[in-house]
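Q: Can you read through this structure? Questions will come right after.
Read the figures in this text as sums done on the coordinates, not as results from a lab. Bear in mind the structure is a predicted one, so any value in this text is a computation, not a measurement. Please note: Cβ atoms are built from the backbone with ideal geometry, for glycine as well, and neighbour counts cover all protein chains shown.
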Amino acid sequence: KSGSDATWVQDATKLLDFDSILAQYAVEAINSDIDGLAAAGQNFTAYVSEKDARLAFIPTGADLVMGTNNAWYDLWKPWGAPNGWCAGRLDAFYARMVATPAMKAKIQSTVKGLHCGSFATAKMHAVIDGYQKLLAQDLYFDPKAKATKSEIDKAFVALKDYVQKRNVYLGGIVGACP
């Protein structure tokens, strides 16, 4: 936490691939990933890039996403409730990024770019519909019969509902899409 904002960003940029970190945080925020790097400090792999010897991150184990715990994920403080298993956790690095105006603006810009682009409601609904159509025969006629056709259909509707709610929420945080 030492140094001015500009010095901190400059020093951190020498060691870290901020683009990979921002992309991971943005995808976690959009997907309400309460079990990821910012919210829980887990489910990621760190590696040192051969290109520039900076530390970068790859998300892994995204199992508590897209409405598992509703669309509550707070972009600026993702480690709060309902993370019962992470009670008292604070991601000091993410908190410093959010407290640094230039980095907070980059986080917001990265989230907005994905929110208005690849994760826009219409695009996500089309992807969900495509997956439902693609997987229908395997899901509906699974010999293990873990769920009925009606339950499966309701799950796809719930997923689309999550996307809609999450994008309304994000639009209020990062601004309306053009």
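Q: Going through region 120-178, which chymotrypsin sites (Phe, Trp or Tyr not before Pro) have at most 16 other Cβ atoms within 10 Å and a DSSP loop state? Walk me through the numbers on the way to the answer.
A: On the way: sites: Tyr131, Tyr140, Phe141, Phe156, Tyr162, Tyr169; in loops: Phe141.
Counting only loop positions with at most 16 other Cβ atoms within 10 Å, the chymotrypsin sites (Phe, Trp or Tyr not before Pro) in region 120-178 are Phe141.
Q: So, with +1 on the Cβ of K and R and -1 on the Cβ of D and E, and no other charges, what is the size of the charge dipole of the chain about its Cα centre, to the nearest 20 debye? Can you show the working numbers first?
A: Values: 19 positive and 18 negative charges, 65 e Å.
Once rounded to the nearest 20, the dipole reads 320 debye.
Q: Amide H neighbours of Phe44 under 5 Å, counting only residues 5+ apart in sequence or on other chains, H built in-plane at 1.01 Å?
A: Under 5 Å from the amide H of Phe44 lie the amide H atoms of Thr60, each far enough along the sequence or on another chain.
Q: Which of Lys77/Lys112; Lys123/Lys149; Lys123/Lys154; Lys123/Lys165; Lys112/Lys160 have a Cα-Cα distance over 22 Å? Don't jump to the answer; show the numbers that get you there.
A: Working: Lys77/Lys112 17 Å; Lys123/Lys149 24 Å; Lys123/Lys154 20 Å; Lys123/Lys165 14 Å; Lys112/Lys160 19 Å.
With Cα atoms farther than 22 Å apart: Lys123/Lys149.
Q: Given a cut-off of under 8 Å on Cα pairs at least six residues apart, what relative contact order in percent is computed for the chain? Before the final figure, lay out each step's value.
A: Numbers: 190 pairs, mean separation 38.4, N = 178.
Taking the mean separation of contacting Cα pairs over the length of the chain, I get 22 percent.
Q: Provide the net charge surrounding Cys116, with neighbours chosen by a C-beta distance below 15 Å and charges set as Lys +1, Arg +1, Asp -1, Glu -1. Write down the numbers at each step before the final one.
A: Working: positive: Lys112, Lys123, Arg166; negative: none.
Once all neighbours under 15 Å are counted, the net charge is +3.
Q: Okay, moving on. Pairing the Cα long axis of helix 149-174 with the longest principal axis of the chain, what angle in degrees results, from 0 to 90 and rounded to the nearest 10?
A: Helix 149-174 and the main axis of the chain meet at about 30 degrees.
Q: Using only Cα atoms, figure out Rg for the chain and give it as a multiple of 2.2 N^0.38 Å. Before the final figure, lay out each step's value.
A: Details: Rg = 18.2 Å, N = 178, 2.2 N^0.38 = 15.8 Å.
Dividing the Cα Rg of the chain by 2.2 N^0.38 Å gives 1.16.
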